[in-house]
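Visitor: A single structure is presented below for examination.
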Amino acid sequence: MSKLGNLGARLHRGEVGYDFVKNRKIWYGLSILITITAIVGLAVRGLNMGIEFQGGAVFNTPKNTTVSVTQAEEYAEEASGHDAIVQKLGDGSLRIQVAGIDTGAANEIKHSLAEDLKIDAEQINAELVGPSWGEQIANKAWQGLGIFLVLVVIYLAIAFEWRMAVAAFVALIHDITITVGIYALVGFEVTPGTVIGLLTILGYSLYDTVVVFDSLKEQAKDLTKQTRWTYSEVANRSINSTLVRSINTTVVALLPVAGLLFIGGGVLGAGMLNDISLSLFVGLAAGAYSSIFIATPLVADLKEREPQMKALKKRVLAKRAQSAAKGETDDYEDESYAAEPEDDAAAAVVGPRNQPASRTRGRGRPSGKRR
């Protein structure tokens, strides 16, 4: 078995682990800092909306146009007075986008480009794009996002509980805000492909979150009937048991997206791939982060406010203090990974798959009693 596979098995059995829930304030602070940076970037720089949302014109030159992309950009900006985006296509033609111009201006720009590029104006194909089409796409996207979030909250509240629904909702908003903020900071153009990518990442983010929640729901059955683990410790155990799975699925999803973004858009210069690949790349990474460091710790915070869980925590701490006073050898500082349940109710919490590495207190007598 590979080292990563062996680590995953040990994490799943509860033999090793990292206390994500205990250090949740660090993750909350980091997420707040990143979110504030994204919001500031969005407020200061704004989004670079594509021609589909602003309206404008697209000019396509003949094949094998000899003018460089940089020179064509200068010609287009001089002729229009607006920023221009120029892309060289595979057949050697140029695709020149100029946003925010009307029909009359488009005709003037077309003739000016023909003169600068030293080609016949009739050879340049001009397409006008109205802003109403982009507005319709944006409105439909917002409606779809709203319906999606409502359905997600309802489903999670029914399948799990309302606290998990709230935590998943916060994680999704966290992912959307960071992704949109990155677009503002980087300055990539926002196109309909960006909207599609933004809606797509929500499914990936929710998948990772639900996997952890399902494990937590299973391990937290009859939790109040035992006195060895608190809810936060069981929540932390759930994160660790699904950690390698979350990492593997995220890495596998990120690899092809990274190829589109860094190789296709960066090295090969296919800038049209950037609009969707950046949203997918940032969103997938943010979704994996939020499911581990935000959603589940937030559930633990909300759950620990319940009177039953507060009483359970007091009983657990009291039993540990009593055991420490008697000089018992159980390591309660890391009991969620090193101790075995003493009764059937506690066994239901951990389950047969999460047995610790140190299973016996004495040779041949797991419970200290003769069989």
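Visitor: Just to be sure before I move on: is Ser290 at pLDDT below 90, open to solvent by less than 40 Å² (accessible area, probe 1.4 Å) and in contact with an Asp or Glu (Cβ under 6 Å, 6 or more places away or on another chain) in the structure I sent?
Guide: In short, no.
Visitor: Sticking with this structure for a sec: If you take the residues of the range 63-82 that are of a type outside the set (S, T, N, Q) and touching a residue at least 40 places away in the same chain (Cβ under 8 Å), which of them is most open to solvent (accessible area, probe 1.4 Å)?
Guide: Selected residue: Tyr75.
Visitor: A follow-up question, please. If I filter the range 194-206 for residues that are within 14 Å of the chain's Cα centre (by Cα) and without any contact (Cβ under 8 Å) to a residue 12 or more places away in the chain, do I get at least one hit?
Guide: The answer is yes; a qualifying residue exists.
Visitor: When you check Lys63 against the structure, is it closer than 20 Å to Val129 by Cα and modelled with pLDDT of 80 or more, yes or no?
Guide: Answer is no for this residue.
Visitor: Quick check: anything in the range 22-30 of a type in the set (Ser, Thr, Tyr), modelled with pLDDT of 90 or more and not in a loop (DSSP other than H, G, I, E, B)?
Guide: Taking every residue of the range 22-30 in turn, at least one turns out to be of a type in the set (Ser, Thr, Tyr), modelled with pLDDT of 90 or more and not in a loop (DSSP other than H, G, I, E, B).
Visitor: Exactly one condition in (1) open to solvent by less than 60 Å² (accessible area, probe 1.4 Å); (2) farther than 26 Å from Phe148 by Cβ; (3) in contact with a Ser or Thr (Cβ under 9 Å, 6 or more places away or on another chain) is not met by Phe262; state its number.
Guide: Against the list (1) open to solvent by less than 60 Å² (accessible area, probe 1.4 Å); (2) farther than 26 Å from Phe148 by Cβ; (3) in contact with a Ser or Thr (Cβ under 9 Å, 6 or more places away or on another chain), Phe262 comes up short only on (1).
Visitor: Of all the residues that make up the range 164-192, how many are surrounded by fewer than 19 Cβ atoms within 10 Å (Cβ to Cβ) and farther than 17 Å from Ala286 by Cα?
Guide: Result for the range 164-192: 3.
Visitor: Further, regarding this structure: Condition (residue is in contact with a Lys or Arg (Cβ under 9 Å, 6 or more places away or on another chain) and closer than 21 Å to Val186 by Cα) applied to the range 38-61: is it met by at least one residue?
Guide: No, because not a single residue in the range 38-61 is in contact with a Lys or Arg (Cβ under 9 Å, 6 or more places away or on another chain) and closer than 21 Å to Val186 by Cα.
Visitor: Sticking with this structure for a sec: Among the residues of the range 90-108, is there at least one that is of a type in the set (D, E, K, R) and under 18 Å from Thr191 (Cβ atoms)?
Guide: Within the range 90-108, one or more residues are of a type in the set (D, E, K, R) and under 18 Å from Thr191 (Cβ atoms).
Visitor: While we're on this one: Counting only residues that are within 30 Å of Gly92 (Cβ to Cβ) and within 29 Å of the chain's Cα centre (by Cα), how many does the range 111-168 have?
Guide: So the answer is 2.
Visitor: I need every pair where a residue in the range 31-56 that is outside any loop (DSSP other than H, G, I, E, B) has its Cβ under 7 Å from the Cβ of a residue that is among the hydroxyl-bearing types (Ser, Thr, Tyr), sequence separation at least 6 or different chains.
Guide: Every condition considered, the pairs that remain are Thr35/Thr177; Ala38/Thr177; Ile39/Thr177; Glu52/Thr191.
Visitor: Applying the selection to the range 196-229, what residues are open to solvent by 20 Å² or more (accessible area, probe 1.4 Å) and within 19 Å of Val150 (Cβ to Cβ)?
Guide: Residues satisfying the conditions are Leu198, Leu199, Thr200, Gly203, Leu206, Tyr207, Val210.
Visitor: Ok, one more. Is there a residue being assigned to a helix (DSSP H, G or I) and surrounded by 13 or more Cβ atoms within 10 Å (Cβ to Cβ) anywhere in the range 83-106?
Guide: Checked against the condition, which is being assigned to a helix (DSSP H, G or I) and surrounded by 13 or more Cβ atoms within 10 Å (Cβ to Cβ), the range 83-106 yields at least one hit.
Visitor: A further question on this structure: Could you list, in sequence order, all residues of the range 99-110 that are acidic (Asp, Glu) and within 42 Å of the chain's Cα centre (by Cα)?
Guide: Asp102
The values are calculated or read from the model by the stated rules, or taken from the named source; none is laboratory data. Bear in mind the structure is a predicted one, so any value in this text is a computation, not a measurement. Cβ: placed from backbone, ideal geometry, glycine included. Neighbour counts: every protein chain shown. Accessible surface is based on the protein model in full, side chains and every heavy atom, while ligands, DNA and RNA are left aside. Shrake-Rupley method; radii C 1.70, N 1.55, O 1.52, S 1.80 Å.
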